[in-house]
Amino acid sequence: MQGYNLIAVFDDTSRKMLMCRRKKDPYKGLSNFVGGKIEQGEDGLSAAYRELFEETGITRADIVITHLMDFSYPLDDCYVEVYVGRLNKQVEVCGDENELYWSELDHDFFDPRKYAGEGNIGHIMLHIEMHKDELLK
């Protein structure tokens, strides 16, 4: 079963969230969290930090991420691990895999015309809100 990760990155004030606009399918043109594949033999947390650095330039020194939840898709033979973190300082993000941007938090993240994942981003955001005191400290 192939593993993937998504990382919800909040700025150092917890007022904005890092998103990417996908350049390729699936979800081409839609906004998503940053993330990628978990390589064979790699643990999920290490993979999340590696993907975060590869796609944004954010390092382990810039953020502590916490494992929030998993999604399993047996019919697609894959699973997704979701991580959350808040930057400990202002960081210049850069990457060429997808267009990166800082999003306000007052959007309808369930809107499938704007956001990838068939509503999963909205679902993730609700859980982040429920646990924000421990996740975004």
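The values are calculated or read from the model by the stated rules, or taken from the named source; none is laboratory data. What you see is a predicted model; the values in this text were computed from it and never measured. Ideal geometry is used to build each Cβ from the backbone, glycine not excepted, and the neighbour counts take in all protein chains shown.
Values for this structure:
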read-out	value
Residue match in segment 100-108 (condition: in contact with an Asp or Glu (Cβ under 9 Å, 6 or more places away or on another chain) and not aliphatic (A, V, I, L, M))	yes
Which numbered condition ASP70 fails, given (1) in contact with an Asp or Glu (Cβ under 8 Å, 6 or more places away or on another chain); (2) acidic (Asp, Glu); (3) under 14 Å from GLY36 (Cβ atoms)	(3)
From the options CYS94, CYS78, residue that is without any contact (Cβ under 8 Å) to a residue 60 or more places away in the chain and either over 13 Å from the mean Cα position of the chain (by Cα) or over 15 Å from ASN5 (Cα atoms) (or both)	CYS94
Of all residues making up segment 119-137, the number that are among the β-branched types (Val, Ile, Thr) and in contact with a helix residue (DSSP H, G or I) (Cβ under 7 Å, 6 or more places away or on another chain)	1
Per-region count, segment 85-102, residues of a type in the set (Lys, Arg) and touching a strand residue (DSSP E or B) at 6+ places or on another chain (Cβ under 9 Å)	1
Any hit, segment 118-137, residues being assigned to a loop (DSSP other than H, G, I, E, B), surrounded by 15 or more Cβ atoms within 10 Å (Cβ to Cβ), touching a strand residue (DSSP E or B) at 6+ places or on another chain (Cβ under 6 Å) and at pLDDT below 95	yes
Selected residue [under 22 Å from LYS23 (Cα atoms) and either at pLDDT 95 or above or crowded, with 16+ Cβ neighbours inside 10 Å (or both)] from GLY44, GLY36, GLY85	GLY36
Residue list for segment 51-75, filter: under 15 Å from the mean Cα position of the chain (by Cα) and within 16 Å of GLN2 (Cβ to Cβ)	GLU51, ASP70, PHE71
Candidate set from segment 36-70 (those that are of a type outside the set (Ser, Thr, Tyr) and touching a Cys at 6+ places or on another chain (Cβ under 9 Å)); member that is farthest from LYS114 (Cα to Cα)	GLY57
GLY119 vs. criteria within 22 Å of THR56 (Cα to Cα), out of contact with any Gly (no Cβ under 8 Å at 6 or more places or on another chain) and not hydroxyl-bearing (Ser, Thr, Tyr)	no
Conditions (1) in contact with a Phe, Trp or Tyr (Cβ under 9 Å, 6 or more places away or on another chain); (2) within 18 Å of HIS127 (Cβ to Cβ); number of the one not met by THR59	(2)
All positions within segment 108-120 that are farther than 18 Å from ILE7 by Cβ and out of contact with any Pro (no Cβ under 9 Å at 6 or more places or on another chain)	ASP108, PHE110, ASP111, PRO112, ARG113, LYS114
The listed residue being buried (at least 21 other Cβ atoms within 10 Å of the Cβ), polar (S, T, N, Q) and at pLDDT 95 or above, out of THR66, THR56, THR13	THR56
